[in-house]
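Structure first, then comments.
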Amino acid sequence: MSTLNTISVQNNSGLDTTNYTIWVAGFIEQQDSKGNPDYIFLQSDGTFTSRKTTQAASFINVNDGFSIDVPNVTNYGNNRLVFTVTQGETPADLSPIVGYTAYPFPGAPGVCPPGPYDIFEFGPNAEYDVSAVDSFGINLSFTVTGDSLTYGAMPLFSREQIGGAFSTFTQNDPLGSGFEQLLFTSPTGTGYPDQILNQFSAIVAPKDWLAIYPTAEGLSGYWDATIASFFASGNQLNFYLNAATVGTYSGTSDGTQYTLTGPGGLQIIIPASDFTTANQGFIQAVRAINTGESTTEYAAFGQIEAAIFEALSRGVALDGVMPSGKTITANYSSDAWTNISNWFTNHNNAYNNLPSVYDVYAKFFHYGQITVGTNAPQNIFGMNAAGTLGMAYGFSLDESPNVSESWSTTDNVPSKTEYGVGTGQDVTIVIGPWA
C-alpha cells in the first residue's frame, strides 16, 4: 500500500516514563468481497497490515513519540487511533467492533480500558477529528500541514489545569450545579481504570453519566419544561435545512408532534416522545428507518431531529418557535438557531420570555478558559477560524448547524477538519501535559 500522508505523535505529557506508559492502537476498516467489515491494523513500524487471525489491534508504546503512515486505501469510516495511559502494564489488544466502554466505569457491553483513554478519528481522504467519543479523557490536539488552526485541547494547558477549570466553570455558571459531578474520579477496584497521578478518569458527558446513573440529581428531567414548551399545541416552526433534502420546512405541533412540510410536499413527523424518553435531550438517538419510509424521508427526519437536539444543547430551541396565532416568517427558526450570540446564555428566550436552558458541559468545551499568571484568559480549546468559540470536543449533539442558508464555515463548531485530509497533508498529534 502506498502512503498518503503521515501522522506524527508527540508525547508532551511530562509523565515519568519509568512509571507510566502512553499507548496507541489503530485500525482502518476495509470490506471483503461480500461487503462485510474487515480491518487493517497499526503495527509497531507505523504501517497498517492485516491481522485476520485476531481481528484486534495491539497497543504500541509511544512514550518516545511515533510516526504513522496513512495508507492510500478506500475509506469506510470506522478508523481510529485509541490512546490510553497505564502504570506500565501493556493493555490487551483492542477490538474495533466492541471498543472501550463509555465513561464512567464499569459498563457493559464495552471493555473497560486499563487507564484514561481517548480517541482520534481519521481515515484516508477523510475528515480528522480529535475525539470520536463524548467524554474528555486525554488532552489531545492536532494540526495539519497548510492549516493554521489547532484542533482539540490547546497543548499549553495540562490535563490537571483543564479539570480544575471545569470545576470552577460549573461552580460559576448559573445552570452548572448539576454538572459538577461530571468531573469524575473513578474508585479503584476491578473494572475501573488506573488513576494516573490521582487525577480524574474523565470529564464525563451527561449522556454517558446518565447511562450509568439514569436518575442523576440535576440532570434527570433537565429538559422537561423546555421540551413541553417546544411541543405545545399550535406552535409553529419554519426553517431552512441545508442537509439531506435541502430547502424550507414548516409546520405546526398538535401537542404531541410536529407535522412539517418540506420541498416538493415532503411530509415529516417529529414526535415529542423522541425528546422526552430517558433524558433524551442529552442523548441524540434517532430511530431506525420505519417500514415503508423512503430513504429521502428518513434522511430529512434524521437531520431535522439533529437540528432540534443541537438547538436544545445550545439553549436556543425556543427562540425558533412561534406560538399559535402569530405569523411566522420564512427561516424564522433556522435564523434563531444559528444566532451564535444567544448560544449557551441564560437569555430570556423569544417564545415565553423565560431564561434559556442549555447544556453546561457543551458550553465549557466552547468557552472554558484558563488564566496563567498575569496573562489574559485563554480558551482551552482551539478557536475556530472566526475566533467566535473554541471548537467543541466532537460529540454528536454539537455539530456545525445543518440549518440556515447563510452559515459561515469560519464559525464551524466541531474539533475536526471540514475537509478530507489527503496527499501531503501531514498531521501532528500532541498528547498534552498531564500535570
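HN-Hα J couplings of the stretch 136-145 from phi, Karplus 6.51/-1.76/1.60, θ = phi - 60°, integer Hz, Gly and Pro as x?
Computed from phi, the couplings for the stretch 136-145 are 8, x, 10, 7, 9, 9, 8, 10, 10, 3 Hz.
Using only DSSP helix segments of four residues or longer, with each worth -39500 (n - 2.57), what per-residue ellipticity at 222 nm results for the chain after dividing by its residue count and rounding to 500?
On the way: 7 runs with 66 residues, N = 435.
-4500 deg cm²/dmol, from helical runs alone.
Among ALA202, ALA56, ALA330, which one moves the most in a GNM of the chain with springs linking Cα atoms closer than 10 Å?
Maximum among the listed residues: ALA330.
Based only on other Cβ atoms within 10 Å, what is the fewest-to-most ordering of SER2, SER186?
Details: SER2 8, SER186 20.
The fewest-first ordering by Cβ neighbours comes to SER2, SER186.
Whole number please: convex hull volume per residue of the Cα set in the stretch 178-245, in Å³? Kindly include the intermediate steps, with their values, before the conclusion.
Values: hull volume 11.7 nm³, N = 68.
Dividing the Cα hull volume of the stretch 178-245 by its residues yields 172 Å³.
Taking the number of other C-beta atoms within 10 Å as the exposure measure, put ASP319, ASP173 in order starting with the fewest. Mind showing how you got there, number by number?
On the way: ASP319 21, ASP173 18.
Ranked by crowding around the Cβ, least crowded first: ASP173, ASP319.
Assigning unit charges at the beta carbon (Lys, Arg +1; Asp, Glu -1) and nothing else, what dipole magnitude in debye, to the nearest 20, does the chain show about its Cα centre? Mind showing how you got there, number by number?
Values: 11 positive and 37 negative charges, 47 e Å.
Computed charge dipole of the chain: roughly 220 debye.
How large is the convex hull of the Cα atoms of the stretch 224-356 per residue, expressed in Å³ as a whole number?
Working: hull volume 13.6 nm³, N = 133.
Convex hull of Cα atoms, per residue: 102 Å³.
When the Karplus curve 6.51 cos²θ - 1.76 cosθ + 1.60 is applied with θ = phi - 60°, which whole-Hz ³J(HN,Hα) does each residue of the stretch 94-103 get, with x for Gly and Pro?
9, 7, x, 8, 7, x, 7, 5, 6, 5
May I ask for the angle, rounded to the nearest 10°, between helix 159-172 and the longest principal axis of the chain, with both axes built from Cα atoms and the value confined to 0 to 90°?
On a 0 to 90 degree scale, this one is about 20.
Order of TRP343, TRP223 from fewest to most other C-beta atoms within 10 Å?
Values: TRP343 25, TRP223 20.
Lowest to highest Cβ neighbour count: TRP223, TRP343.
Over the alpha carbons of the stretch 267-329, what is the largest minus smallest coordinate on each principal axis, giving the biggest first in Å?
Principal-axis extents of the Cα atoms in the stretch 267-329, largest first: 36, 27, 16 Å.
Bin all alpha-carbon pair distances of the stretch 32-165 at 10 Å intervals from 0 and give each bin's fraction as a whole percent.
Per 10 Å bin, starting at zero, the Cα-Cα P(r) for the stretch 32-165 comes out as 10, 39, 38, 12, 1, 0 percent.
Given a Förster radius of 56 Å and the C-beta distance between ASP16 and VAL246 as r, what FRET efficiency does 1/(1 + (r/R0)^6) yield to the nearest 0.05? Please report the intermediate quantities before stating the final value.
On the way: r = 54 Å, r/R0 = 0.96.
E(calc), rounded to 0.05, equals 0.55.
Calculate the translational D of the stretch 96-237 in whole µm² s⁻¹ from Stokes-Einstein, where the hydrodynamic radius comes from the Kirkwood formula applied to all Cα pairs, the temperature is 25 °C and the viscosity 0.890 mPa s.
Values: Rh = 17.4 Å.
Roughly 141 µm²/s, to the nearest whole number.
Pop the C-beta distance of THR6 and ALA225 into the FRET formula with R0 = 45 Å and round what comes out to the nearest 0.05. Provide the component values of the computation, followed by the final result.
Values: r = 51 Å, r/R0 = 1.13.
Approximately 0.35, to the nearest 0.05.
Extent of the chain along each principal axis, from alpha carbon coordinates, in Å, largest to smallest?
Reported extents, whole Å, longest axis first: 69, 55, 42.
Within the stretch 269-378, list the GluC sites (Glu not before Pro) lying in a DSSP loop whose Cβ has at most 15 other Cβ atoms in a 10 Å radius.
Numbers: sites: GLU293, GLU297, GLU305, GLU310; in loops: GLU293.
Taking the stretch 269-378 and a limit of 15 other Cβ atoms within 10 Å, the loop GluC sites (Glu not before Pro) found are GLU293.
Please list, in order along the stretch 354-364, the HN-Hα scalar couplings obtained from phi with the Karplus expression 6.51 cos²θ - 1.76 cosθ + 1.60 (θ = phi - 60°), rounded to whole Hz, x for Gly and Pro.
9, x, 6, 10, 9, 8, 5, 4, 5, 4, 4
Kindly express, to the nearest 10 degrees and within the range 0 to 90, the angle between helix 295-314's C-alpha long axis and the longest C-alpha principal axis of the chain.
Helix 295-314 and the main axis of the chain meet at about 90 degrees.
Over the chain, what is the mean sequence separation of C-alpha contacts under 8 Å (at least six apart), divided by residue count, expressed as relative contact order in percent?
Details: 995 pairs, mean separation 87.8, N = 435.
Normalised by residue count, the contact order of the chain is 20 percent.
Using Cα centres only, tell me the gap between the stretch 367-424 and the stretch 109-146 in whole Å.
First find each Cα centre; the distance between them is then 16 Å.
Between the stretch 187-260 and the stretch 14-56, what is the separation of their alpha carbon centroids in Å?
Measuring centre to centre over Cα atoms gives 33 Å.
Among 148-161, 85-98, what's the highest-first ranking by average C-beta atoms within 10 angstrom per residue? Write out the running numbers ahead of the final one.
Values: 148-161: 20.1, 85-98: 16.3.
Packing order, densest peptide first, comes out as 148-161, 85-98.
Which of LYS326/LYS363; LYS207/LYS363; LYS52/LYS416 have a Cα-Cα distance over 24 Å? Display every interim value, and only then the final one.
Values: LYS326/LYS363 32 Å; LYS207/LYS363 15 Å; LYS52/LYS416 30 Å.
From the list (LYS326/LYS363; LYS207/LYS363; LYS52/LYS416), the Cα-Cα distance tops 24 Å for LYS326/LYS363; LYS52/LYS416.
Let me check against my output: what whole-number percent is the relative contact order of the stretch 187-295, with C-alpha pairs under 8 Å and at least 6 apart? Intermediate results must be reported in sequence, preceding the final value.
On the way: 119 pairs, mean separation 19.6, N = 109.
For the stretch 187-295, the relative contact order is 18 percent.
Computed from the coordinates by the stated procedures, all read-outs in this text should not be read as laboratory data. Since this is a predicted model, take the numbers as computed values, not measurements. Here the Cβ is made from the backbone with ideal geometry for all residues, glycine too, and neighbour counts use every protein chain on show.
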